[in-house]
Amino acid sequence: MPSYTLLGQSALSGVFIGALYGLLGLGLTLSWGMLRQINLAHFALVFLGAYLTYQLGAAGMDPLVTLALIAPAFFLFGAALHLLLARFKVNALNTLLVTFGFMVMLESLIQWIWSADFRRLESHYGDVKWKVGELFVPLPELLTLALACGLALAVWAALRFTDLGKAMRATAEDAPIAAAFGVNEKLLSLLLSGLCAAFAAVAGMCLALSHTLAPSQIYAWIGVVFAVVMIGGLGNPLGPLVAGVVIGVSEGLTMAVTAPVWAPLVSFSLLIAALLLRPEKF
Amino acid sequence: MRFVAAAIVLGAVPFLGLPAFYESFLYLVFHWVVLATSWNILSGYSGYFSFGHAAFFGIGVYTTAVLAGKLDWPFLWTLPFAAAVPALVGVALGAIIFRVRALRGELFALLTLAVTFVVSTLVLNTPVDGGPGVMLSAVSIPKLAPTVSGTFYLLSLVLALATVAIAYAVYHSRFGTGLFAIHDDEAVAEVMGVPTYRFKLAAFALSCALAGVAGGIYGVFVSYVTVGETFSGFVALYVILMAALGGTRHWLGPALGAAALTTLLYVFTTSDYAVAGRAAMGLIFILVILFLPQGLLGRFAHRKALPRRNAPIPSAAPSTKNMESILVVRDLSKAFKGVQALSHVELDVRRGEILGLVGPNGSGKSTLINLVSGHYPVDSGSIRFEGRELVGKAPHRIARAGIARTYQIPRPFPHLTVLENVALPPMFGQVVMDRAAAEAEAWRWLEFTGLAGKALLQPQHLNLHQRKFLELARALASRPKLLFLDEVLSGLTPSEMNEAIRLIRAIRDQGATIVFVEHVMRAVMELTDRVVVLTYGKNIAAGAPGDVMRDPLVITAYLGAAHA
């Protein structure tokens, strides 16, 4: 039996990685659940955001400041992608295929500019670490957790309490009916799609702060993030964060108690059990 | 014939003395043809998207790796096991997954994705692999062709041809029709007699087995297998992309998509501009999907109707109206989350009659039909049809016993033609027919309902009146003993209504017993022999139409109590 300190540290790092899963999943769950677009390009966008943060960081810019440049640019990209998908009335399955095409193109772009080698952002955030009791709390991860919680709660509250959010939910449920009640369905979808891409920029910055980057790593995140999105419930902004933390912590504890290699087995067995026992909850 | 000729030409390739490169390249093409086509048999045909094809492919790889690499079995002998093990895993998984009624496509996709992670973790951390991978270079390759690469070429060619032939056969068969119906509307398919659970399991098993064999061959071909390579996300992703590129509703679509994508990948990754090539591939992908959303073969995906051949008109069974009850419902109750839709309902339907089932909106008429047809489970009570209990039976068994229904809001299978829609129930009815016989039968009922001119269109091209008649034709085509008509007249114009009334009379004259649910009182009075009235889920009256309509309870139920 490992010590409590090790268990605590493992659980904490599980929370941190879970927050990153949740941050990556936020844009995906909104576009899948509310726009019926399964956006593989989201993963490539996250990495593009991370590389841009890395590049600007190398030029001496603070990662949080770079976000002010990258997020609006990504917003425009997301809106443009939506215009394309809406113009061709692409169905849910085919959005998966079209965005796969974009993912491959973005991956090529990244590899062309930054090569296939590993890159690591050096920032002053990376050196900051606090000791709380026996546990180490690194600043980049804490920032990720704060951003993940903040964004998820903000989106949740906006969807629930603002008129704009209510109109968006109505559009997601039944676009023609919402339009008949005077909701500007096209504009809202454009806005939402842009926001999802902007969230990719935020996730990208967090990724750059805490992880080493390589273009091939894009594919490594797809499986677990999709799982987090589906467990959390499509279209539910809090879902990916909660599911991400659950998976992250269960992975972390499994690694501490047994060998690291068993981690996926535990989290996905949990998922399968949950699906089979409570299918109505999903 | 063309198929055989192509097989012979392709089979001769290894004996031509071409450079081994061509054989290896074509091997890869065939490999992906098998994977994409096998994926499509479940996911394309029935619409249950699997993100876990890599799991079953990988189980096949490791079955052969263990048997041939570690236990020194002869390579070819391992292949049946490379098929059987994944198929068994698939069936075991399917037996659990497909029992969960609420499981929608997305959840199936997620579960299969999760299975990939679980299987790969198990393989990685047990003696099956253990981490370092399995070397298979010592496995002796049977000499089927002059060269080793030629042998792999021939093996994969045979498997690819077999897989495409299976996909072709399924596509044109009764089984395939059932899968396409599941794709469009699973609940209706089940009520029309399709054993949906068994069909999904069978398709899943077939799909897993073929992927497993491909895996068994592939493992020895690459001669060194690792968990990371075998279970990578690429397999799952590529098979979906290939099938979608070629067209999931065509038997040849995935094969074509596989050939195209494998070639593109190869050309671009081996060229001097590999990175630009990949980007170009992404662009091509986007353009194909935007401009050909049904895939390259999507336009040809409609199954050709067999040559038209009318079934002989059956000797109309004389309508033997008698006192014997064909359907006896006793003490039937059903609640939906506290709303008592039916309470202690009794119903007797006599052979050969037209029984009117009337009552205000929300009185439980449609619920009653849904219970008899098995669409909803019964809370309590009994439903006996020709003396046999129906409660607890699967809907397809009830259909097979000779009960058919129409839907108040027509629910045709949107991607099947009108002819295919009507030919479906006879394939799964009391007497199982093959596709040819069923289509002949369908033509008969299309003539009968005046839809023969629309037979080769999809239901979206029909107006409401034609859709209602399509519902009728579909219900009739199974030659039911007992037919439930759920508001077939609502929304029709007076002249269309007269036509419908004439049809219903003709149906009864062919010997069917009819339960006629309707709000149009003129039709009820004209057509029915007896009337049963429900209100708030309870029986309130039964008898001859004229008497019942004068019953003060019935008048109150419809018009409210007089306050004078």
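Which of the numbered conditions does residue B:133 fail, given that it passes all the others? Conditions: (1) free of Cβ contacts under 8 Å to residues at least 40 places away in the same chain; (2) in contact with a Ser or Thr (Cβ under 7 Å, 6 or more places away or on another chain); (3) of a type in the set (Gly, Ala, Ser).
So the condition that residue B:133 fails would be (1).
To keep it simple, each residue is scored yes or no on (1) touching a helix residue (DSSP H, G or I) at 6+ places or on another chain (Cβ under 9 Å); (2) closer than 25 Å to residue A:21 by Cβ.
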site	(1), (2)
A:88	yes, no
A:111	yes, yes
A:144	yes, yes
A:161	no, no
A:170	yes, no
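Can you pull out the residues in region B:277-294 that are more than 7 Å from chain A (Cβ to nearest Cβ), at pLDDT 80 or above and touching a Phe, Trp or Tyr at 6+ places or on another chain (Cβ under 9 Å)?
Across region B:277-294, the qualifying residues are B:280, B:291.
What residue, of A:155, A:128, A:132, is β-branched (Val, Ile, Thr), more than 14 Å from chain B (Cβ to nearest Cβ) and under 19 Å from residue A:33 (Cα atoms)?
Details: A:128 fails: under 19 Å from residue A:33 (Cα atoms); A:132 fails: under 19 Å from residue A:33 (Cα atoms).
After ruling out the rest, the residue left standing is A:155.
With respect to the numbered conditions (1) touching a residue at least 12 places away in the same chain (Cβ under 8 Å); (2) more than 14 Å from every other protein chain (Cβ to nearest Cβ), which one is the sole condition not fulfilled by residue B:267?
For residue B:267, the exception is condition (1).
Can you tell me which residue among A:8, A:18 is over 14 Å from residue A:257 (Cβ atoms) and in a helix (DSSP H, G or I)?
Details: A:8 fails: over 14 Å from residue A:257 (Cβ atoms).
None of the others qualify; the one that does is A:18.
Quick check on region B:230-261: of everything there that is more than 15 Å from residue B:31 (Cβ to Cβ) and not in a helix (DSSP H, G or I), which residue is nearest to the other protein chains (Cβ to nearest Cβ)?
Of everything passing the filter in region B:230-261, B:248 is nearest to the other protein chains (Cβ to nearest Cβ).
So in region A:110-120, with the set limited to residues that are more than 7 Å from chain B (Cβ to nearest Cβ) and modelled with pLDDT of 85 or more, which one is nearest to residue A:190 (Cα to Cα)? Explain how you work it out, then say what you get.
Within region A:110-120, the subset more than 7 Å from chain B (Cβ to nearest Cβ) is A:110, A:113-120.
Now drop any that are not modelled with pLDDT of 85 or more, which leaves A:110, A:113-115, A:117-120.
On the way: A:110: 26, A:113: 29, A:114: 31, A:115: 33, A:117: 35, A:118: 35, A:119: 33, A:120: 34 Å.
Among those residues, the one meeting the criterion is A:110.
Kindly indicate whether residue B:210 is in contact with a Ser or Thr (Cβ under 7 Å, 6 or more places away or on another chain) and either part of a helix (DSSP H, G or I) or within 14 Å of chain A (Cβ to nearest Cβ) (or both). Explain how you work it out, then say what you get.
Numbers: in contact with a Ser or Thr (Cβ under 7 Å, 6 or more places away or on another chain): yes; either part of a helix (DSSP H, G or I) or within 14 Å of chain A (Cβ to nearest Cβ) (or both): yes.
It is true that residue B:210 is in contact with a Ser or Thr (Cβ under 7 Å, 6 or more places away or on another chain) and either part of a helix (DSSP H, G or I) or within 14 Å of chain A (Cβ to nearest Cβ) (or both).
Might you check whether a residue that is within 19 Å of residue A:32 (Cα to Cα), more than 8 Å from every other protein chain (Cβ to nearest Cβ), out of contact with any strand residue (DSSP E or B) (no Cβ under 8 Å at 6 or more places or on another chain) and in a helix (DSSP H, G or I) occurs anywhere in region A:97-108? It would help to see each step written out before you state the result.
Initial filter on region A:97-108 (within 19 Å of residue A:32 (Cα to Cα)): A:97-103.
Narrowing the set further to residues that are more than 8 Å from every other protein chain (Cβ to nearest Cβ) leaves A:99.
Cutting the leftovers down to out of contact with any strand residue (DSSP E or B) (no Cβ under 8 Å at 6 or more places or on another chain) gives us A:99.
Now narrow it down to the ones that are in a helix (DSSP H, G or I): A:99.
The answer is yes; a qualifying residue exists.
Considering only region A:145-168, how many residues are touching a residue at least 12 places away in the same chain (Cβ under 8 Å) and surrounded by fewer than 17 Cβ atoms within 10 Å (Cβ to Cβ)?
4
How many residues are within 15 Å of the chain's Cα centre (by Cα) and of a type in the set (A, V, I, L, M, F, W, C) when one looks only at region B:396-421?
So the count comes out to 2.
For region A:31-45, does any single residue satisfy the condition of being assigned to a helix (DSSP H, G or I) and β-branched (Val, Ile, Thr)?
The initial filter retains those residues of region A:31-45 that are assigned to a helix (DSSP H, G or I), namely A:31-35, A:41-45.
Add one more test, that the residue is β-branched (Val, Ile, Thr), and what stays is none.
No, there is no match, as no residue in region A:31-45 is assigned to a helix (DSSP H, G or I) and β-branched (Val, Ile, Thr).
Mind telling me which of the residues B:121, B:151 ends up being under 20 Å from residue B:65 (Cβ atoms), part of a helix (DSSP H, G or I), away from chain A (no Cβ under 14 Å) and in contact with a Pro (Cβ under 8 Å, 6 or more places away or on another chain)? Quick ask: steps written out before the conclusion?
Numbers: B:121 fails: away from chain A (no Cβ under 14 Å).
Going through B:121, B:151 in turn, just one is under 20 Å from residue B:65 (Cβ atoms), part of a helix (DSSP H, G or I), away from chain A (no Cβ under 14 Å) and in contact with a Pro (Cβ under 8 Å, 6 or more places away or on another chain): B:151.
Have a look at B:554, B:524, B:548 and point out the one that is under 27 Å from residue B:494 (Cα atoms), at pLDDT 80 or above and either of a type in the set (Phe, Trp, Tyr) or in contact with a helix residue (DSSP H, G or I) (Cβ under 8 Å, 6 or more places away or on another chain) (or both).
Details: B:554 fails: at pLDDT 80 or above; B:548 fails: at pLDDT 80 or above.
Only one candidate passes the filter, namely B:524.
Scan region A:184-206 and tell me whether some residue there is modelled with pLDDT of 90 or more, under 12 Å from the mean Cα position of the chain (by Cα), within 14 Å of chain B (Cβ to nearest Cβ) and within 14 Å of residue A:33 (Cβ to Cβ).
No: zero hits.
Could you run through region B:467-488 and say how many residues are out of contact with any helix residue (DSSP H, G or I) (no Cβ under 6 Å at 6 or more places or on another chain), basic (Lys, Arg) and surrounded by 24 or more Cβ atoms within 10 Å (Cβ to Cβ)?
Qualifying residue count for the region: 1.
Before we move on, is residue A:222 more than 12 Å from the chain's Cα centre (by Cα), part of a helix (DSSP H, G or I) and within 14 Å of another protein chain (Cβ to nearest Cβ)?
Working: more than 12 Å from the chain's Cα centre (by Cα): no; part of a helix (DSSP H, G or I): yes; within 14 Å of another protein chain (Cβ to nearest Cβ): yes.
No, not satisfied.
(1) of a type outside the set (Asp, Glu); (2) closer than 30 Å to residue A:104 by Cβ; (3) over 20 Å from the mean Cα position of the chain (by Cα); (4) at the interface with chain B (Cβ under 9 Å from one of its Cβ atoms): which one isn't true of residue A:269, the others all being true?
(2)
Please tell me if residue A:33 is touching a Leu at 6+ places or on another chain (Cβ under 7 Å) and at pLDDT below 90.
Details: touching a Leu at 6+ places or on another chain (Cβ under 7 Å): yes; at pLDDT below 90: yes.
Considered against the rule, which asks whether it is touching a Leu at 6+ places or on another chain (Cβ under 7 Å) and at pLDDT below 90, residue A:33 comes out as yes.
Pick out, from region B:1-77, the helices (runs of 4 or more DSSP H) lying fully within it that include 1 or more residues that are closer than 30 Å to residue A:38 by Cβ, away from chain A (no Cβ under 14 Å) and in contact (Cβ under 8 Å) with a residue 60 or more places away in the chain. Before you say what the answer is, go through the steps one by one.
On the way: elements: B:2-11, B:20-46, B:53-64.
Filter on region B:1-77 gives B:20-46, B:53-64.
Between residues in region A:247-262 that are within 12 Å of chain B (Cβ to nearest Cβ) and residues that are among the small types (Gly, Ala, Ser) and buried (at least 20 other Cβ atoms within 10 Å of the Cβ), which pairs lie under 7 Å by C-beta distance while being six or more apart or on different chains?
Qualifying pairs under 7 Å: A:247/A:18; A:247/A:267; A:251/A:14; A:251/A:263; A:251/A:267; A:254/A:263.
Would it be correct to say that residue A:229 is surrounded by 23 or more Cβ atoms within 10 Å (Cβ to Cβ), among the hydrophobic types (A, V, I, L, M, F, W, C) and within 14 Å of chain B (Cβ to nearest Cβ)? Give the steps one after another, and end with the answer.
Working: surrounded by 23 or more Cβ atoms within 10 Å (Cβ to Cβ): yes; among the hydrophobic types (A, V, I, L, M, F, W, C): yes; within 14 Å of chain B (Cβ to nearest Cβ): yes.
For residue A:229, the condition - surrounded by 23 or more Cβ atoms within 10 Å (Cβ to Cβ), among the hydrophobic types (A, V, I, L, M, F, W, C) and within 14 Å of chain B (Cβ to nearest Cβ) - is met.
Could you tell me whether any residue of region A:65-83 is hydrophobic (A, V, I, L, M, F, W, C), within 13 Å of another protein chain (Cβ to nearest Cβ) and surrounded by 23 or more Cβ atoms within 10 Å (Cβ to Cβ)?
For region A:65-83, residues hydrophobic (A, V, I, L, M, F, W, C), within 13 Å of another protein chain (Cβ to nearest Cβ) and surrounded by 23 or more Cβ atoms within 10 Å (Cβ to Cβ): present.
Of all residues in region A:169-189, which are surrounded by fewer than 17 Cβ atoms within 10 Å (Cβ to Cβ), in a helix (DSSP H, G or I) and hydrophobic (A, V, I, L, M, F, W, C)?
Scanning region A:169-189 gives A:177, A:179, A:180, A:187.
Exactly one of (1) surrounded by fewer than 17 Cβ atoms within 10 Å (Cβ to Cβ); (2) within 30 Å of residue B:177 (Cα to Cα); (3) within 11 Å of chain A (Cβ to nearest Cβ); (4) not β-branched (Val, Ile, Thr) is unmet by residue B:131. Its number?
(2)
The values are calculated or read from the model by the stated rules, or taken from the named source; none is laboratory data. Given the structure is predicted, the values throughout are model-derived calculations rather than measurements. Using ideal geometry, Cβ is built from the backbone for each residue, glycine included, and neighbour counts are taken over all protein chains shown.
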